[in-house]
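A quick write-up on the structure given underneath.
Just so it is clear, none of the values below were taken in a lab; they were calculated from the coordinates. Keep in mind the model is a prediction, meaning the values are calculated, not measured. Heads up, the Cβs are rebuilt from the backbone with ideal geometry, glycines too, and the neighbour counts pull from every protein chain shown.
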Amino acid sequence: MGHHDSQELDTQLVYLGRDPKRDLGSVNPPVHRTSTVIFPDYKTFRAYEDDNATHRGYGRYGSPTLDGLEEALIKLEGADRAIITASGLSAITTSLLAFLNAGDHVLIPDCMYSCARAFVVQELPRLGIEVEFYPPTIGADIEKLMKKNTKVVYTESPGSNTFEMQDLPALAKVAHAHGALLISDNTWATPLLQKPFDLGVDISIHSATKYIAGHSDLVMGAVTCKQEHFKTLNRAHRNIGAIPSGDNAYLALRGLRTMAVRLQKHQEHALKVAEWLQTVPEVKRVLYPALPTDPGHAIWKRDMTGASGLFGVELNTVTEEALGAMLDGLEYFGMGFSWGGYESLIVAYTPSRMRSVTEWGKDARFLRLHIGLESPKDLIADLDAGFQRLRTTMQKAA
């Protein structure tokens with residue numbers, strides 16, 4: 001059995017997308033920094049011009065470094081084909097633009113990632129595409145929202161900021177019965193913890209910026225699909241032109257090698273911090289599908305083999321001043337967007353600002369935490385001191 005035939009994920013992560021024999025013995029594939037590609041002769045050039053390419057033709061259409069990353073993601077996720085894009089957002093926008101035409105209707109979960117939400121609200125209607133939001137926990141009841149012109153049902157499980165688990169097999173069944181595609185964002189679970197194609201998903205999306213790259217040093221997206229959808233997806237990808245550099249592809253492949261060990265730690269640490277947060281009086285609830293108390297726990301258990309390090313916390317009544325006192329003094333939690341790197345992060349948000357069909361009180365305040373690879377003891381002590389500052393500020397104001 002060859003390396004690439006192993007069914008064991010840990011082994012696949014080490015061997016996929018690289019070939020020392022091909023690369024002069026180098027363990028890692030080299031970085032190809034390419035714009036112009038030289039054709040060996042006129043015949044090859046002519047074939048390329050006639051759309052019969054046997055040769056790559058131009059740097060925007062990928063490089064051997066990108067090929068390695070595609071190969072790894074295809075195998076890890078159980079797909080047939082992959083495209084690598086310049087950002088997670090461009091993976092989403094490319095997929096939606098590939099499969100939606102003027103006059104089509106698309107169903108979007110109300111928990112969609114806010115930058116993607118801005119795209120579907122601000123750009124798609126201009127192109128004559130009807131956008132409708134649905135409650136993320138709708139499941140098979142999405143049937144009542146399907147129209148004759150519904151072409152795509154989009155999902156994100158768990159949802160951004162509020163972490164609702166979506167019933168992907170139920171949504172897939174309804175979408176397919178109506179001739180629509182199910183496009184799903186699999187960033188939180190990564191290709192290691194959830195196999196979207198086994199659940200009925202047609203197109204799977206990743207912000208490779210997050211756990212795949214894993215070191216907060218690059219921006220990148222990926223889309224994987226079955227062969228039947230590749231032509232349409234690739235057409236849009238080539239026409240939109242959002243491709244990453246060879247350097248970033250190299251870094252993403254490098255990050256991929258340690259993804260299994262990193263995720264194990266993220267989950268272990270996140271569970272400890274989440275369980276501790278459940279004991280804090282200022283915390284109304286912790287939104288983390290891996291907790292037995294979470295409303296989405298049963299679906300998480302059924303569809304995923306683990307959890308990552310990102311979750312939400314709903315706070316009891318809190319003032320802006322008290323929240324500022326808590327967050328500004330944190331030592332190990334950086335206040336910054338993104339997640340999936342080795343470091344812990346925290347941001348405060350108000351879900352009602354990003355929702356239209358699910359009820360979140362306009363004053364409900366949330367924290368989103370990414371639990372990194374630091375010691376959970378240190379992280380808990382840091383948060384504990386933060387809540388202490390929050391308490392003191394609230395008491396002074398009272």
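Key figures for this structure:
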| read-out | value |
| --- | --- |
| Mean Cβ count within 10 Å, highest first, over the residues of peptides 294-303, 250-259 | 250-259, 294-303 |
| Under Karplus coefficients 6.51, -1.76 and 1.60, residue-wise ³J(HN,Hα) of region 70-77 in Hz, glycine/proline x | 4, 4, 5, 5, 4, 5, 5, 9 |
| Nearest-0.05 FRET efficiency for Asn316 and Ser114, computed from C-beta distance (R0 35 Å) | 0.90 |
| Of the trypsin sites (Lys or Arg not before Pro) in region 1-69, those whose Cβ has at most 13 other Cβ within 10 Å and which sit in DSSP loop | Lys21, Arg22, Arg33 |
| Amide H within-cut-off set for Phe133, under 5 Å, with H built and near neighbours excluded | Ile108 |
| Correct choice for Kirkwood radius over Cα pairs in Å that was computed from the model, options (1) 25.8; (2) 24.9; (3) 22.3 | (3) |
| Gain in span if fully extended, Arg33 to Ala140, counting 0.36 nm per residue against the direct Cα distance | 33.8 nm |
| Positive dipole terminus of region 249-398, leading residue within Ile380, Met259, Leu310 (C-beta point charges) | Met259 |
| For Glu123, Glu8, order by how many other beta-carbon atoms lie within 10 Å, fewest first | Glu8, Glu123 |
| Shape call, region 260-397: gyration tensor on alpha carbons, a/c limit 1.5 | oblate |
| Gaussian network model of the chain, Cα within-10 Å springs - most flexible of Gly103, Gly341, Gly306 | Gly103 |
| Region 297-307 - phi-based ³J(HN,Hα) in whole Hz, Karplus 6.51/-1.76/1.60, Gly and Pro as x | 4, 5, 5, 4, 5, 6, 9, 10, 9, x, 10 |
| Extension gain from Glu132 to Lys396, taking 0.36 nm per residue of separation minus the Cα-Cα distance | 90.5 nm |
| Theoretical ellipticity at 222 nm over the chain - DSSP helices of four or more residues, -39500 (n - 2.57) apiece, nearest 500 | -11000 deg cm²/dmol |
| Local electrostatic count, Leu192, Cβ distance below 11 Å [Lys/Arg +1, Asp/Glu -1] | 0 |
| Phe45-Ile240 FRET efficiency (beta carbon distance; Förster radius 22 Å; 0.05 resolution) | 0.35 |
| Percent RCO, i.e. relative contact order, over the chain, from Cα pairs under 8 Å lying at least 6 residues apart | 16 percent |
| Rounded to the nearest 20 debye, dipole of region 260-397 from Cβ charges on Lys, Arg, Asp, Glu | 340 debye |
| Calculated FRET efficiency for the pair His176/Lys21, C-beta based, R₀ 30 Å, to 0.05 | 0.10 |
| Whole-number percent relative contact order across region 260-397, with pairs defined as alpha carbons under 8 Å at least 6 apart | 29 percent |
| Residues of region 7-28 with amide N under 13 Å of the 7 Å Cα→Cβ point at Thr305 | 7-13 |
| Extended-chain gain in nm, criterion 0.36 nm per residue less alpha-carbon gap, Ser375 and Met335 | 12.6 nm |
| Under the Karplus curve 6.51 cos²θ - 1.76 cosθ + 1.60, θ = phi - 60°, whole-Hz ³J(HN,Hα) for region 331-346, x wherever Gly or Pro sits | 9, 9, 9, x, 9, x, 7, 6, 5, x, x, 7, 9, 7, 9, 8 |
| Ranking of Thr155, Thr162 by count of other Cβ atoms within 10 Å, fewest first | Thr162, Thr155 |
| Other-chain or far-sequence residues with amide H under 5 Å of Thr155's (modelled H) | Ile183, Ser184, Asp185 |
| Shape call, region 82-205: gyration tensor on alpha carbons, a/c limit 1.5 | rounded |
| Inter-probe distance in nm under a simple model that places probes 7 Å from Cα toward Cβ, at His297 and Gln227 | 4.3 nm |
| Nonlocal amide H pairs with Gly17, under 5 Å, H built at 1.01 Å | Ala72 |
